[in-house]
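The values are calculated or read from the model by the stated rules, or taken from the named source; none is laboratory data. Quantities reported herein were computed from a predicted structural model and do not represent experimental measurements. Note that each Cβ is placed from the backbone with ideal geometry, even for glycine, and that neighbours are counted across all protein chains shown.
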Amino acid sequence: MSENRQLGALTAACHWIGQKGWSPATGGNMSVREGGEYCLISESGKDKGSLTEQDFLLVELESGKAASGRRPSAETGLHTLLYRLYPQVGAVLHTHSVNSTVLSRVERSGALVIEGYEMQKSLSGQTTHLDQVIIPIFDNSQDIDALAQKIATHAEKTPLQYGFLLRGHGLTCWGKDVAEARRHLEGLEFLFQCELQRRLLEAK
């Protein structure tokens, strides 16, 4: 594994995510770009709240295979897809929070539309609460290759921004580096909680 200055920041972000309870029971996976052909991704079955830098595997972006023969996280194909689609993406975070998981099932359409919240400005490029933030929702699948193809087809027509939800599964989000990905995760989680509470109050 070559030295990656972002890996320390990613490890710290994983500990923070673990403390938030956003990746319980070894769920979730996190990665950082390693040059143009590889990424470093968390090993399968590891508690994200106690990861060390040695728990990240070097994976080829084209094949999705770990150079070491160890087993990377199940959703590795979604990370490598994002790095291939968007050269500006430097880090990807996939979490299993209660808010993202529940909201992905409550919203029956193919996208969650968020508007009217000042915290939308936590997302890069958002300058006003008057704009819409559209987070696509894809049906969950254990066939990661097929799911990645479905996401890639969607992205050809509508470029992905910030993140997407997998129904009943959780959130995948990203940024140009670990700091931006972490900010997007925290901002989206806040917005998801607001949206869930708004819907609950309106349903009463």
Point to revise | Identity of the residue in region 1-43, in a helix (DSSP H, G or I) and basic (K, R), that ends up farthest from Y86 (Cα to Cα) | key: K20
Exercise for review: Report, ordered by the first and then the second residue, all pairs with beta carbons closer than 7 Å, sequence separation of six or more or different chains, a first member in region 48-73 that is closer than 20 Å to C14 by Cα, and a second member that is of a type in the set (K, R) and surrounded by fewer than 19 Cβ atoms within 10 Å (Cβ to Cβ).
Suggested key: D55/K46; L57/R70; V59/K65
Revision key, fill the gap. Restricted to region 131-172 and to residues being among the acidic types (D, E) and closer than 26 Å to E115 by Cα, the residue farthest from the chain's Cα centre (by Cα) is D131
Point to revise | Filter result for A13 (under 14 Å from the mean Cα position of the chain (by Cα) and farther than 22 Å from L147 by Cα) | key: yes
Check your understanding: Of the residues that make up region 24-33, is at least one surrounded by 13 or more Cβ atoms within 10 Å (Cβ to Cβ), at pLDDT 95 or above, within 14 Å of L93 (Cβ to Cβ) and touching a Phe, Trp or Tyr at 6+ places or on another chain (Cβ under 7 Å)?
Key -> yes
Point to revise | Options Q88, Q54, Q19; residue that is touching a helix residue (DSSP H, G or I) at 6+ places or on another chain (Cβ under 8 Å), surrounded by fewer than 22 Cβ atoms within 10 Å (Cβ to Cβ) and of a type outside the set (D, E) | key: Q19
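Mind telling me which of the residues V113, V133, V102 ends up being part of a strand (DSSP E or B) and exposed (fewer than 14 other Cβ atoms within 10 Å of the Cβ)? Quick ask: steps written out before the conclusion?
Values: V133 fails: exposed (fewer than 14 other Cβ atoms within 10 Å of the Cβ); V102 fails: part of a strand (DSSP E or B).
Selected residue: V113, the only one of V113, V133, V102 that is part of a strand (DSSP E or B) and exposed (fewer than 14 other Cβ atoms within 10 Å of the Cβ).
If a residue has to be assigned to a strand (DSSP E or B) and either modelled with pLDDT of 90 or more or at positive phi (or both) to count, how many in region 44-85 make the cut?
Residues in region 44-85 being assigned to a strand (DSSP E or B) and either modelled with pLDDT of 90 or more or at positive phi (or both): 5 in total.
State yes or no: is G28 among the small types (G, A, S) and touching a Lys or Arg at 6+ places or on another chain (Cβ under 6 Å)? Steps first, please.
Values: among the small types (G, A, S): yes; touching a Lys or Arg at 6+ places or on another chain (Cβ under 6 Å): yes.
So G28 fits the description; yes.
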Point to revise | Answer residue from region 117-149, given it is in contact with a strand residue (DSSP E or B) (Cβ under 8 Å, 6 or more places away or on another chain) and of a type in the set (A, V, I, L, M, F, W, C) and is nearest to A181 (Cα to Cα) among those | key: L123
